[in-house]
1. For region 27-63, how many residues are surrounded by fewer than 13 Cβ atoms within 10 Å (Cβ to Cβ) and part of a helix (DSSP H, G or I)?
2. Looking at region 20-75, which of the residues that are at pLDDT below 95 and among the small types (Gly, Ala, Ser) is nearest to Leu9 (Cα to Cα)?
3. If a residue has to be among the small types (Gly, Ala, Ser) and either part of a loop (DSSP other than H, G, I, E, B) or in contact with a strand residue (DSSP E or B) (Cβ under 9 Å, 6 or more places away or on another chain) (or both) to count, how many in region 9-26 make the cut?
4. Is there any pair linking a residue in region 46-70 that is touching a residue at least 60 places away in the same chain (Cβ under 8 Å) to one that is surrounded by 14 or more Cβ atoms within 10 Å (Cβ to Cβ), with Cβ under 7 Å and at least six apart or on different chains, and which?
Amino acid sequence: MKYELGRCLLSERLQEKGMSMEELAQALHFKPEKLSDFVENKRIMPLKSAISIAVTLGCEVNDLYELITSEPAVN
């Protein structure tokens, strides 16, 4: 099955953890603007960043984005 990334769910994960974007940025040594770009879907998280964010928030990488399934076309 093929997946596409939907909306970034980072703001929801931060809210569940009770952490601000600034606190996460500081913990990971990221610029807050970088995280903001992810949340606003201006940029897609590189895998290394997604792993670091997921570990810090205690979630899975798959929890950081909506996953949209796309079925292959059948001829």
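1. So the answer is 5.
2. That would be Ser70.
3. Number of matching residues: 2.
4. If the second residue must be surrounded by 14 or more Cβ atoms within 10 Å (Cβ to Cβ), the pairs left are Tyr65/Cys8; Tyr65/Leu9; Glu66/Leu9.
The values are calculated or read from the model by the stated rules, or taken from the named source; none is laboratory data. In this text the structure is predicted, and so the values were computed from the model without any measurement. Reconstructed Cβ throughout: ideal geometry from the backbone, glycine too, with neighbour counts over all protein chains shown.
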